[in-house]
Amino acid sequence: MTKEISKLKNNIEYIYKQNKNTPRMALCLNFSINEPEEKPGIYSLVSRLLLQGTKKYNSEELANEFEKYAIDFSSDLFPNYLRLNFLCLNEDFSKAIELMNEVITNSTFDEIEKEKLKLKGEITAELDSPRAKAMDSYCKAMYENHYYGNSMTKVLESLDSITKDDVIKAYNLILHDSKKALAIVGTLDKNEILPLIEETLGQLPSSNDNNFNITKPELNAKKEIINIKPDLNQTHIIKGWQVQTYGEEDYPAFILLNIILGASGLSSRLFLELRDKKGLAYVVRSSYETHKLIGNFMIYIATEPKNIEVSLKGFNEEIEKIKTIPVDEKELEDAKNNLLGKYAFLDETNIQQACSYAKYGVLGFGFDYVQKIKEMVKNVTSEQILNCAQTYFNDKYVLSIIKP
């Protein structure tokens with residue numbers, strides 16, 4: 001297995017990993033997002049319109065090109081970066097890189113009105129789900145007046161005011177003023193593909209590491225949001241706190257704390273206590289969402305409307321336990337094994353590896369950050385988990401409830 005980290009002529013750092021005898025090549029290119037969007041939804045439209053036509057191909061022709069060569073191409077938006085990637089047969093790598101370059105350099109953004117209409121329809125349908133509505137309110141409150149808080153309802157409110165010029169301006173900013181990270185994984189020899197990459201991606205505007213301009217959000221007080229939806233037969237409750245994120249000291253402990261509390265399904269504490277023993281829940285779990293600047297840790301339950309108070313009491317009891325009683329060695333070891341197993345599962349294919357490398361590359365933690373996380377997780381003690389719980393599970397939280 002060959003692995004090499006270097007830079008293209010335009011300062012884009014790349015990792016090339018050769019996985020011999022695999023039939024398809026994966027390439028992932030990420031662009032950092034350095035500025036809050038001027039109107040909620042602009043970046044979503046950028047990501048969607050990149051696949052809706054270029055100077056050379058209209059949207060149908062572009063889709064036909066991808067289909068003809070069986071190239072799996074996608075454009076995805078995350079709060080801190082825009083991701084473009086493809087998976088193609090080894091013999092079609094040159095065609096795939098040519099099409100990617102065409103998308104990046106020659107997208108027309110002409111189909112904006114059509115895309116706005118589609119996005120509006122998708123969001124409206126999504127918000128029909130009570131869980132999505134509770135989550136939307138949670139996100140807005142957790143990151144109030146911050147780019148991370150541009151939830152679905154905020155996007156819906158601003159879509160009509162977004163123009164093609166807005167989208168082009170935002171895209172040019174991302175293209176010209178971003179850190180870029182590239183990962184290539186597959187069987188082809190580096191000397192065979194690097195000239196193709198230099199001719200295309202190597203001609204893009206330089207990678208720039210110094211322009212990050214999004215401030216860290218702060219939650220300074222408790223916030224409670226109650227939504228009423230008359231026809232519901234169950235209540236959805238989300239409670240969460242702002243916590244540390246990637247690259248910070250408590251990050252590995254929080255990943256394990258999440259597994260112990262509610263992210264490991266049937267064996268997690270919330271499931272055992274609130275669903276199995278108390279019979280309160282249809283669904284109960286915790287999740288740990290991480291952005292470049294901040295993380296948020298949340299607990300979620302779907303239950304009968306009459307169970308709101310007793311569910312919240314159950315949340316508090318489980319939080320209190322993890323704040324006061326050290327996790328025993330077996331539970332900690334099981335959580336570590338659970339996590340390491342997940343990482344192995346998420347690292348099986350060429351495209352999974354490429355996307356993982358490029359993600360941590362663009363966030364500034366280095367292509368090998370997953371390896372570092374694994375090592376850090378192995379060393380987490382129950383004392384660290386106790387300290388995390390005591391530090392972050394405080395009275396500055398967001399509670400979002402939707403009920404009949």
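When +1 charges are put on Lys and Arg Cβ atoms and -1 charges on Asp and Glu Cβ atoms, the dipole computed for the chain relative to its Cα centre reaches about 680 debye. The reciprocal of the average 1/r between distinct C-alpha atoms defines the Kirkwood hydrodynamic radius, which for the stretch 304-384 equals 15.6 Å. The radius of gyration of the Cα set in the stretch 55-170, together with its Dmax, comes out at 17.2, 49 angstrom. For the stretch 1-70, what class follows from the C-alpha gyration tensor (a ≥ b ≥ c being the square roots of its eigenvalues): rounded when a/c is under 1.5, otherwise prolate if a/b is larger than b/c, else oblate? Oblate is the answer for the stretch 1-70, as a/c is 1.5 or above yet b/c matches or exceeds a/b.
The magnitude of the dipole of the stretch 334-404, with charges of +1 and -1 set on the Cβ of Lys/Arg and Asp/Glu and taken from the Cα centre, is near 180 debye.
Measuring against 29 Å, Cα to Cα, the residue pairs 140/278; 133/374; 239/277 contain 140/278; 133/374 as the ones spanning a longer distance.
Per-residue extension of 0.36 nm, minus the Cα-Cα distance of residue 232 and residue 157, leaves a gain of 24.5 nm for this segment. Rolling a 1.4 angstrom probe over the protein heavy atoms with all chains in place gives the stretch 322-366 an accessible area of 49 Å² per residue.
How many percent of the alpha carbon pairs in the chain exceed a separation of 33 Å? For the chain, the fraction of Cα-Cα distances above 33 Å is 40 percent. Once C-alpha pairs closer than 8 Å and six or more residues apart are averaged by separation and normalised to the residue number of the chain, the relative contact order reads 24 percent.
With all protein chains kept in place, the per residue accessible area of the stretch 158-299 amounts to 43 square angstrom at a probe of 1.4 angstrom.
Look at the dipole of the stretch 249-404 built from charges on Cβ: of 257, 295, 327, the Cα furthest out on the positive end belongs to 295.
Within the stretch 175-236, report the trypsin sites (Lys or Arg not before Pro) that DSSP leaves as loop and that have at most 16 other Cβ atoms within 10 Å. Passing both the DSSP loop test and the Cβ count: 222. Mean separation of Cα pairs under 8 Å and 6 or more residues apart, divided by the residue count, gives the stretch 286-404 a relative contact order of 28 percent.
The residues of the stretch 81-157 expose, per residue, 40 Å² of accessible area to a 1.4 Å probe. Taking the accessible area of the stretch 72-178, probe 1.4 Å, and keeping the other protein chains in place, the carbon and sulfur fraction comes to 51%. Note on the stretch 184-233: dipole from Cβ charges, positive end direction compared against 206, 233, 186; the farthest Cα belongs to 233.
Once you have the Cα-Cα distance between residue 266 and residue 76, take 0.36 nm times their residue separation minus that, and quote the gain in nm to one decimal. Don't skip to the end; give the middle numbers.
On the way: separation 190, 0.36 × 190 = 68.40 nm, distance 3.14 nm.
Gain on extension, residue 266 to residue 76, equals 65.3 nm.
Beta bridges from DSSP with both residues in the chain: antiparallel share about 80 percent, rounded to the nearest 5. Note on the stretch 114-188 and the stretch 351-384: Cα centroid distance 26 Å, given to the nearest whole angstrom. Translational diffusion coefficient of the stretch 236-352 (Stokes-Einstein, Kirkwood radius from Cα pairs, 10 °C, 1.306 mPa s): 105 µm²/s. Share of the stretch 244-384's accessible area from carbon and sulfur, percent, 1.4 Å? With neighbouring chains kept in place, the figure for the stretch 244-384 is 54 percent. About the centre of its Cα atoms, the stretch 40-189 shows a dipole size close to 460 debye [charges on the beta carbon of Lys, Arg (+1) and Asp, Glu (-1) only; nearest 20 debye]. Legend: Rg and Dmax of the stretch 116-260, from Cα coordinates, 21.0, 63 Å. When the charge dipole of the chain is built from unit charges on Cβ atoms (+1 for Lys and Arg, -1 for Asp and Glu) and taken about the Cα centre, the candidate among 54, 155, 137 whose Cα reaches farthest toward its positive end is 137. For the pair residue 64 and residue 189, label points projected 7 Å from Cα toward Cβ lie 3.7 nm apart.
The values are calculated or read from the model by the stated rules, or taken from the named source; none is laboratory data. Just so we're clear, the structure is a prediction, and the values are computed from it rather than from any experiment. Because the Cβ atoms are built from the backbone with ideal geometry, glycine has one as well, and the counts that use them run over all protein chains shown. For the accessible areas, the whole protein counts, side chains as well, though only heavy atoms, and no ligand, DNA or RNA atoms are used. Shrake-Rupley method; radii C 1.70, N 1.55, O 1.52, S 1.80 Å.
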